[in-house]
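A short reminder: the numbers here are calculations on the coordinates, not readings from a lab. Please read all numbers here as calculations on a predicted model, not as lab measurements. Neighbour counts are summed over all protein chains in view; Cβ atoms, including those assigned to glycine, are modelled from backbone coordinates with ideal geometry.
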Amino acid sequence: MHSTIQIAASLLILVPFILAQVGRLTPSSLAYIVLNLAGSIVLAIDALLGAQWGFLLLEGVWAVVSAISLVRWARGRRRLGAGPARPPRASQRR
């Protein structure tokens, strides 16, 4: 079970990376960022529990950078007004 979790988490990082390398996904896309964040968090927790300090450093930094990218992505969408379209409220319709 432990190896299965490690492999699954590794694939969460590797698949978007491969897709970005072949031009099917951009590193700034939400899917890329979220998959990297999820995979790195799982692997960082696994490294912490196994007292694998070098691996924890690698995955911990990967998770932090991915989290920062996610915040920047969200701020960029908000700044561009790219949120979900909402119909005007009844009081705004005339």
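Residues of the stretch 4-37 that are among the small types (Gly, Ala, Ser) and more than 21 Å from Gly60 (Cβ to Cβ): Ala20, Gly23, Ser28, Ser29, Ala31. Of all the residues in the stretch 21-61, those that are among the small types (Gly, Ala, Ser) and out of contact with any helix residue (DSSP H, G or I) (no Cβ under 6 Å at 6 or more places or on another chain) number 7.
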